[in-house]
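Structure first, then comments.
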Amino acid sequence: MKTYLIALAVMIVFVVSSCSSQQQVDTEDSEDSSEFDSFASCIKENGLKMYGSFTCSVCKRQRAIFGSSFELVGEIECHPRGENPQTELCLQKDIEKTPTWILEQDGEEIKRLTGFQNMETLAEISGCQLPP
């Protein structure tokens with residue numbers, strides 16, 4: 001139990017410190033965020049997941065580029081005080097910084113990206129098409 005608590009404390013430190021050390025990145029704001037609904041659904045269907053934290057400013061900017069469509073992506077909350085936290089899963093996946101995007105197929109990790117990702121990169125690794 002003591003080892004688990006230490007691992008949990010280390011995870012929290014990594015998540016909090018990774019958010020504060022990320023560089024500022026300009027985001028593209030979508031006028032009509034619902035235009036990304038099919039793209040966001042495709043990402044989820046193809047096994048790409050974002051591991052994030054409600055305290056992470058970079059995660060907030062990542063969510064913002066999707067607008068309301070982000071709810072279709074399905075974020076894994078790593079912070080134990082976040083809504084529906086899945087901290088144990090984040091520990092199992094060795095999430096050290098947020099956001100971390102992981103592409104899985106048949107339960108196997110195919111690709112991992114850490115930090116802010118633009119839409120083109122997410123389209124490329126997920127195999128999903130961006131709206132015109």
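Annotations for the structure displayed:
- The residue of segment 83-109 that is nearest to Phe54 (Cα to Cα), among those that are more than 14 Å from the chain's Cα centre (by Cα) and either part of a loop (DSSP other than H, G, I, E, B) or touching a residue at least 60 places away in the same chain (Cβ under 8 Å) (or both), is Glu83.
- Test: residue in segment 56-77 that is in contact (Cβ under 8 Å) with a residue 60 or more places away in the chain, part of a helix (DSSP H, G or I) and over 19 Å from Ser38 (Cβ atoms): no
- For segment 44-56, taking the residues that are of a type in the set (A, V, I, L, M, F, W, C) and more than 14 Å from Glu109 (Cα to Cα), the one that is surrounded by the most Cβ atoms within 10 Å (Cβ to Cβ) is identified as Cys56.
- Arg112 vs. criteria within 28 Å of Pro131 (Cβ to Cβ) and either in a loop (DSSP other than H, G, I, E, B) or not β-branched (Val, Ile, Thr) (or both): yes
- For Lys97, the criteria (1) within 18 Å of Ala40 (Cα to Cα); (2) touching a helix residue (DSSP H, G or I) at 6+ places or on another chain (Cβ under 6 Å); (3) surrounded by 16 or more Cβ atoms within 10 Å (Cβ to Cβ) hold in every case but one, which is (1).
- Residue in segment 110-132 that is surrounded by the fewest Cβ atoms within 10 Å (Cβ to Cβ), counting only those that are farther than 17 Å from Gln62 by Cα and in contact with a strand residue (DSSP E or B) (Cβ under 6 Å, 6 or more places away or on another chain): Ile110
- Extreme residue, surrounded by the fewest Cβ atoms within 10 Å (Cβ to Cβ), among residues of segment 57-89 that are in contact with a helix residue (DSSP H, G or I) (Cβ under 9 Å, 6 or more places away or on another chain) and at positive phi: Gly74
Each value in this text was obtained by applying a stated rule to the coordinates, not by laboratory testing. Note that this is a predicted model, so its numbers are computed, not measured. In this analysis, Cβ positions are derived from the backbone assuming ideal geometry, glycine residues included, and neighbour counts consider all displayed protein chains.
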